[in-house]
Amino acid sequence: MMKTAYVFSWTPDQGEDIISFLIDTHSVIKIELDRYDKTVAPIVDVYSIENWIKGLSKTFQIKIAVAFDLAKNDLQTNPTINNVAND
C-alpha cells in the first residue's frame, strides 16, 4: 500500500506526458499518458530507487534526495499515514 508520493518530474512531450513519482521511499513509478487519445492505456514502469538513480545528473540526484527526505519525514511523523496503512 502506498503511503506517500512525490512528483519528481513532469515532461510534456509531443504526443504524451511523462510523469515520474517517488513512492514511499523505495520505488519510482514512471507513467506515460497519451495527450490526445484518452482510450490508450498508460504505460507504467516501476523501478527501485537504486536503479532509478544510476546515470542521473547531479541536479536530478539532488531532487531525488530532497523528495526521499520528505517522504521519510512523512512516514516517520505523520500518524495519519501510519494509521491508514494499519487499517
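The values are calculated or read from the model by the stated rules, or taken from the named source; none is laboratory data. Given the structure is predicted, the values throughout are model-derived calculations rather than measurements. Note: ideal-geometry Cβ built from the backbone for every residue, glycine included; neighbour counts use all protein chains shown. The accessibility values were calculated without ligands, DNA or RNA, using every heavy atom of the protein model including side chains. Shrake-Rupley method; radii C 1.70, N 1.55, O 1.52, S 1.80 Å.
Just from its helices, what would the mean residue ellipticity at 222 nm be for the chain, if runs of 4 or more DSSP H residues each count -39500 (n - 2.57) and the sum is divided by every residue, rounded to the nearest 500 deg cm²/dmol? Mind showing how you got there, number by number?
On the way: 3 runs with 33 residues, N = 87.
Counting only the DSSP helices, I get -11500 deg cm²/dmol.
Each Lys or Arg adds one and each Asp or Glu subtracts one; over the other residues with Cβ under 13 Å from the Cβ of Lys72, this totals -2. In terms of accessible area, using a 1.4 Å probe and ignoring ligands and nucleic acids, Thr25, Thr77, Thr11, Thr4 rank largest first as Thr77, Thr11, Thr25, Thr4.
Give the residue list of chymotrypsin sites (Phe, Trp or Tyr not before Pro) in segment 1-58 that are DSSP loop and have at most 16 other beta-carbon atoms within 10 angstrom. Display every interim value, and only then the final one.
Values: sites: Tyr6, Phe8, Trp10, Phe21, Tyr36, Tyr47, Trp52; in loops: Tyr36.
Listed in order of number, the matching sites are Tyr36.
Within the straight-line cut-off of under 18 Å between alpha carbons, the lysines reachable from Lys3 are Lys30, Lys72, sequence neighbours fewer than 8 places apart in one chain being disregarded.
Computed from the C-beta positions of Lys38 and Ser9, the FRET efficiency with R₀ = 22 Å rounds to 0.50.
Loop-located trypsin sites (Lys or Arg not before Pro) in segment 20-53 (DSSP state not H, G, I, E or B) with no more than 10 neighbouring Cβ atoms inside 10 Å: Lys38. With a 1.4 Å probe rolled over the protein heavy atoms of all chains, the accessible area of Val7, Val28 falls in the order Val7, Val28, largest first.
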